[in-house]
Amino acid sequence: GSCLGLKGISGQTEQDLEESHGAAILERLRRLQAERGRAPTPRLQYLLEPLYEVVHAQRGATVTLPCVLRARPPHYKVKWSKVEPAELLENIILVTNGAQHKTYGQLGGRARLRRGHRNDASLTIAGVALEDEGRYRCQLVNGLEDESLSLTLTLDGVVFPYQTSQGRYRFNYFEAKKACEEQDARLATYQQLYKAWTEGLDWCNAGWILDGTVHYPIINLREPCGGRLLLPGIRTYGAKDKQKDRFDAFCFTSAVRGQVYFIQGHLSFKEAGQACRNQGATIAKVGQLYSAWKFSQLDRCDGGWLADGSVRYPITIPRTHCGGLPDPGVRSFGFPNKEQRTYGTYCFTVK
């Protein structure tokens, strides 16, 4: 009788029963979660969970995306890729087997493994570019037991609305994309536009963003901008015909490796460009002026020519005689006649 406390009739110990009972409960929980459409995410076996999933950087910086192995399986590869949701594909950047590694594509040319220790598969990217922003995947390829983790690279920057010298709503999607790139920027993502709205961007003209949708951010409610009944927010037109439909653009730029400065004078557009070249500089692009305003706190009450033929000036400390608006920003005089000799010029020189 004394052995019944240790062994049941089935020949299982109490510990066996507890373990099988626990396993049954776990299995039941898994089934319930699966039925509710919330299958449990598999726990990472070899990769360490990252301490943070969003990595911040500025253009031109060197940044590291962490991916560290807890243990190394006998035969494995680590594959780094960039997830491009708009194109529904992953671009491979680098593959390593722990001993050697190979890089791929344009991004691969600026990428290397950090190799802080033998289990370190973190990816270091030099000279971060505007198009590097997005989601990255570090995947451990180990036979049938592949596992991966995702990280997001976010650039600190500024969003600005942009339109042609002919007025508003002249860009199809491809023209908007090109226009931003010509001004040292690129079409903003929705996340960048949303962040800019939370930081004060209030603009009544709708513009293209990177994914081919059209929006405009509203803080101060007014009749021509969706009326006074809607709450402040991002007004959305949704996806539009990239060839036929015409809107403005929302561009995004980040820090620049250079300096924007002002030359005083009464210059025509042509003379403005020459004045910059005489000093070994170039006439500044719109994106470069916004970058200097955002990152170098450039504050100047003088209108100056820019490369696209517009005249603008950056204000970080609002004052009555400098446009009169209560908030900081880059003010615009639009696109004056290029022969007009009223303004100075903003130049850009590489550091």
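The values are calculated or read from the model by the stated rules, or taken from the named source; none is laboratory data. The model shown is predicted, which means the values in this text are computed figures rather than measured ones. Neighbour counts run over all protein chains shown; Cβ positions are idealised from the backbone, glycine included. Note: areas computed on protein heavy atoms with side chains; ligands, DNA, RNA excluded. Shrake-Rupley method; radii C 1.70, N 1.55, O 1.52, S 1.80 Å.
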Pairs, first in a strand (DSSP E or B) in segment 102-120, second open to solvent by less than 70 Å² (accessible area, probe 1.4 Å) and among the small types (Gly, Ala, Ser), C-beta under 6 Å, six or more apart: THR103/ALA111
Index of the failed condition, ILE263 passing every other in (1) assigned to a helix (DSSP H, G or I); (2) at pLDDT 95 or above: (1)
Identity of the residue in segment 208-229, without any contact (Cβ under 8 Å) to a residue 12 or more places away in the chain and among the hydrophobic types (A, V, I, L, M, F, W, C), that ends up nearest to PHE171 (Cα to Cα): LEU221
Residues of segment 113-131 satisfying the condition of being under 21 Å from LEU47 (Cα atoms) and touching a Leu at 6+ places or on another chain (Cβ under 8 Å): LEU113, ARG114, ASN119, ASP120, ALA121, SER122, LEU123, THR124, ILE125
Search result, residues across segment 153-169 that are touching a helix residue (DSSP H, G or I) at 6+ places or on another chain (Cβ under 9 Å) and touching a residue at least 24 places away in the same chain (Cβ under 8 Å): LEU153, THR154, LEU155, ASP156, GLY157, VAL158, VAL159, PHE160, TYR162, GLN163
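Conditions (1) open to solvent by less than 30 Å² (accessible area, probe 1.4 Å); (2) within 26 Å of the chain's Cα centre (by Cα); (3) farther than 27 Å from VAL311 by Cα, marked per residue:
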{"residue": "LEU140", "(1), (2), (3)": "yes, yes, yes"}
{"residue": "GLU147", "(1), (2), (3)": "yes, yes, yes"}
{"residue": "LEU153", "(1), (2), (3)": "yes, yes, yes"}
{"residue": "TYR162", "(1), (2), (3)": "yes, yes, no"}
{"residue": "SER165", "(1), (2), (3)": "no, no, no"}
{"residue": "TYR169", "(1), (2), (3)": "no, yes, no"}
{"residue": "PHE174", "(1), (2), (3)": "no, yes, no"}
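Condition check ((1) open to solvent by 10 Å² or more (accessible area, probe 1.4 Å); (2) in contact (Cβ under 8 Å) with a residue 60 or more places away in the chain) across all residues:
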{"position": "LEU201", "(1), (2)": "yes, no"}
{"position": "GLN243", "(1), (2)": "yes, yes"}
{"position": "GLN259", "(1), (2)": "yes, yes"}
{"position": "HIS266", "(1), (2)": "yes, yes"}
{"position": "LYS270", "(1), (2)": "yes, yes"}
{"position": "CYS276", "(1), (2)": "no, yes"}
{"position": "GLY280", "(1), (2)": "yes, yes"}
Unmet criterion (only one of (1) among the hydrophobic types (A, V, I, L, M, F, W, C); (2) within 30 Å of THR189 (Cα to Cα); (3) at pLDDT 90 or above) for LEU69: (2)
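Mind checking whether some residue in segment 181-196 is in a strand (DSSP E or B) and either in contact with a Leu (Cβ under 7 Å, 6 or more places away or on another chain) or of a type in the set (Ser, Thr, Tyr) (or both)?
Of all residues in segment 181-196, those in a strand (DSSP E or B) come to 186-187.
Those still in the list that are either in contact with a Leu (Cβ under 7 Å, 6 or more places away or on another chain) or of a type in the set (Ser, Thr, Tyr) (or both) too: 186-187.
There is at least one residue in segment 181-196 that is in a strand (DSSP E or B) and either in contact with a Leu (Cβ under 7 Å, 6 or more places away or on another chain) or of a type in the set (Ser, Thr, Tyr) (or both).
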When residues of segment 218-260 are limited to those that are at pLDDT 95 or above and polar (S, T, N, Q), the one farthest from ALA126 (Cα to Cα): GLN243
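Does GLU339 meet the test of being out of contact with any strand residue (DSSP E or B) (no Cβ under 7 Å at 6 or more places or on another chain), open to solvent by 70 Å² or more (accessible area, probe 1.4 Å) and acidic (Asp, Glu)?
Working: out of contact with any strand residue (DSSP E or B) (no Cβ under 7 Å at 6 or more places or on another chain): yes; open to solvent by 70 Å² or more (accessible area, probe 1.4 Å): yes; acidic (Asp, Glu): yes.
Judged against the criteria, GLU339 is a match.
Within segment 191-209, does at least one residue satisfy the condition of being among the small types (Gly, Ala, Ser), touching a Ser or Thr at 6+ places or on another chain (Cβ under 7 Å) and under 19 Å from LEU289 (Cβ atoms)? Before you say what the answer is, go through the steps one by one.
Of the residues in segment 191-209, the ones among the small types (Gly, Ala, Ser) are 196, 200, 206-207.
The next check asks that each one be touching a Ser or Thr at 6+ places or on another chain (Cβ under 7 Å); those that pass are none.
Looking for residues that are among the small types (Gly, Ala, Ser), touching a Ser or Thr at 6+ places or on another chain (Cβ under 7 Å) and under 19 Å from LEU289 (Cβ atoms), one finds none in segment 191-209, hence no.
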Segment 45-77 - residue that is closer than 30 Å to LEU210 by Cα and more than 17 Å from the chain's Cα centre (by Cα) and, of those, surrounded by the most Cβ atoms within 10 Å (Cβ to Cβ): CYS67
Leading residue by the ranking (nearest to the chain's Cα centre (by Cα)) among those in segment 284-299 that are in a loop (DSSP other than H, G, I, E, B) and crowded, with 20+ Cβ neighbours inside 10 Å: LYS285
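Among what's in segment 87-101 and is assigned to a loop (DSSP other than H, G, I, E, B) and at negative phi, pick the residue that is surrounded by the fewest Cβ atoms within 10 Å (Cβ to Cβ).
Quick first cut of segment 87-101, residues assigned to a loop (DSSP other than H, G, I, E, B) only: 88, 97-100.
Next, only the ones that are at negative phi stay: 97, 99-100.
Details: ASN97: 12, ALA99: 5, GLN100: 7.
Applying the filter and picking the extreme gives ALA99.
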Qualifying residue in segment 322-333 (condition: assigned to a loop (DSSP other than H, G, I, E, B), touching a Phe, Trp or Tyr at 6+ places or on another chain (Cβ under 6 Å) and of a type in the set (D, E, K, R)): no
